[in-house]
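The values are calculated or read from the model by the stated rules, or taken from the named source; none is laboratory data. Since the model is a prediction, treat every value here as computed from it, not as a measurement. Cβ placement follows ideal geometry from the backbone for every residue including glycine, while neighbour counts extend to all protein chains displayed.
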Amino acid sequence: MMRHFLDDDDLSRSELLTLIERSVELKSELRQGKRPDILKNRVLGMIFSKASTRTRTSFEAGMAQMGGHAINLTPNDTQLGRGEPLTDTAKVLSEMVDAVMIRNDSQTDQIAFADNASVPVINGLSDLLHPCQMLADVQTIIELRGAIDGAKVAWIGDGCNMCNSWIKIAAKMGCELTIACPEGYDPNAKILTTAQELAPGKIQIVRNPEDAAKNADVVMTDVWASMGQESEAQARMKAFNGYCVDDRLMKGAHPDAIFLHCLPAHRGEEVSASVIDGEQSVVWQQAGNRLHAQKALLELLLT
Ligand code: CP
Ligand code: NVA
């Protein structure tokens, strides 16, 4: 049966854990120089309506390493930029490629795209969610802590797409998640309520970052102005004053706490240079895991 990966909810807990096991295996094989042709001659179309370094490179390199190919389609270079409907594009691409990854600013449009596609569609980030990043985040935590269940996770900053995805993951994987964000920058209310019902008492919002970071095993943040919010950047800088993940905040966390950031990062804004470049930061391993986890995802959806 054909499956899409548009939402963190599209994989069950056990499927996610199996996918991570496979990702760890692919990572170890790659380090031994093994690049099995799992997706020989398969083609992934990638629609990027927003910038990307990690998502593009990891999907493109991953397809090449598995014997397949990826095509980068940006609205400026395709008829999408001249008004061809996304739903028509879904039908056309389905005739030509084996799967499509899409990054844009509308989860609703991605769902419409998938409804019109006859190949698997992957969400490479939307306004609402960033499920591919979750695969890498979960893998990184499991690699470093042995398990994710029961981890005490602190989200500091904007209630953005990353935060929404993390709420879903925390409920699914049994983490305690405390989100510290200023009023007016809360995560999606429906996602929060659903997760709180699924995991009573495990997911909460606070306004003081120190309360969230206290005794946390994992401390995370993301940019204060996501792509598309550039005009709000100044107002957001003011609103998020005091929400920088710095040494003082990390001191309140568990002594073995790790720091995660999906990247790109702004040193001196949401995170201090001393934290992101310090010993508790695992952001390079986290970024690298994008490659392995998405290879496991492509294998799952295409074979
Ligand atoms: N974390 C992430 O998705 O990075 P890119 O925007 O570079 O793809
Ligand atoms: N919240 C950020 C994530 C970038 C990977 C954005 O949407 O721009």
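Scan the range 277-303 and report the pairs whose first residue is farther than 17 Å from PRO131 by Cβ and whose second residue is of a type in the set (Phe, Trp, Tyr) and surrounded by 22 or more Cβ atoms within 10 Å (Cβ to Cβ), with Cβ atoms within less than 6 Å and a gap of 6+ or a chain change.
GLN280/PHE259; SER281/PHE259
Does at least one position in the range 77-84 carry a residue that is of a type in the set (D, E, K, R) and at pLDDT below 95?
Yes, the range 77-84 has at least one match.
Which is out of contact with any His (no Cβ under 6 Å at 6 or more places or on another chain) and either under 11 Å from ALA154 (Cα atoms) or surrounded by fewer than 17 Cβ atoms within 10 Å (Cβ to Cβ) (or both), of ASP222, ASP247?
Criteria check complete, one pass: ASP247.
Which one of these does SER126 not meet: (1) closer than 29 Å to ARG236 by Cβ; (2) in a helix (DSSP H, G or I); (3) not acidic (Asp, Glu)?
Against the list (1) closer than 29 Å to ARG236 by Cβ; (2) in a helix (DSSP H, G or I); (3) not acidic (Asp, Glu), SER126 comes up short only on (2).
For the condition surrounded by fewer than 18 Cβ atoms within 10 Å (Cβ to Cβ), away from ligand 1 (no atom under 14 Å from the Cβ) and modelled with pLDDT of 95 or more, what is the one hit in ALA195, ALA189, ALA170?
Going through ALA195, ALA189, ALA170 in turn, just one is surrounded by fewer than 18 Cβ atoms within 10 Å (Cβ to Cβ), away from ligand 1 (no atom under 14 Å from the Cβ) and modelled with pLDDT of 95 or more: ALA189.
How many residues does the range 114-128 contain that are within 16 Å of ligand 2 (Cβ to nearest atom) and either buried (at least 24 other Cβ atoms within 10 Å of the Cβ) or among the hydroxyl-bearing types (Ser, Thr, Tyr) (or both)?
Here the count works out to 5.
Is it the case, given these coordinates, that ILE142 is surrounded by fewer than 23 Cβ atoms within 10 Å (Cβ to Cβ) and either farther than 21 Å from ARG267 by Cβ or of a type in the set (Ser, Thr, Tyr) (or both)?
In short, yes.
Under 8 Å between Cβ atoms, at least 6 apart or on separate chains: pull out the pairs that start in the range 253-270 with a residue that is within 13 Å of ligand 1 (Cβ to nearest atom) and among the small types (Gly, Ala, Ser) and end on any residue that is at pLDDT 95 or above and part of a loop (DSSP other than H, G, I, E, B).
Within 8 Å, the pairs are ALA265/VAL223.
Considering only residues of the range 95-113 that are β-branched (Val, Ile, Thr) and surrounded by fewer than 17 Cβ atoms within 10 Å (Cβ to Cβ), which is nearest to SER126 (Cα to Cα)?
The qualifying residue nearest to SER126 (Cα to Cα) is THR108.
Yes or no: the range 100-114 includes at least one residue that is at negative phi, over 22 Å from the mean Cα position of the chain (by Cα) and not acidic (Asp, Glu).
Looking for residues that are at negative phi, over 22 Å from the mean Cα position of the chain (by Cα) and not acidic (Asp, Glu), one finds none in the range 100-114, hence no.
Would you say TRP284 is within 27 Å of THR55 (Cα to Cα), part of a loop (DSSP other than H, G, I, E, B) and among the aromatic types (Phe, Trp, Tyr)?
Taking the combined requirement at face value, the residue does not satisfy it.
Output the number of residues of the range 58-78 satisfying the condition of being surrounded by fewer than 19 Cβ atoms within 10 Å (Cβ to Cβ) and touching a residue at least 60 places away in the same chain (Cβ under 8 Å).
Residues in the range 58-78 being surrounded by fewer than 19 Cβ atoms within 10 Å (Cβ to Cβ) and touching a residue at least 60 places away in the same chain (Cβ under 8 Å): 1 in total.
If you take the residues in the range 26-56 that are in contact (Cβ under 8 Å) with a residue 12 or more places away in the chain and assigned to a helix (DSSP H, G or I), which one is surrounded by the fewest Cβ atoms within 10 Å (Cβ to Cβ)?
Among residues in the range 26-56 that are in contact (Cβ under 8 Å) with a residue 12 or more places away in the chain and assigned to a helix (DSSP H, G or I), the one surrounded by the fewest Cβ atoms within 10 Å (Cβ to Cβ) is LEU30.
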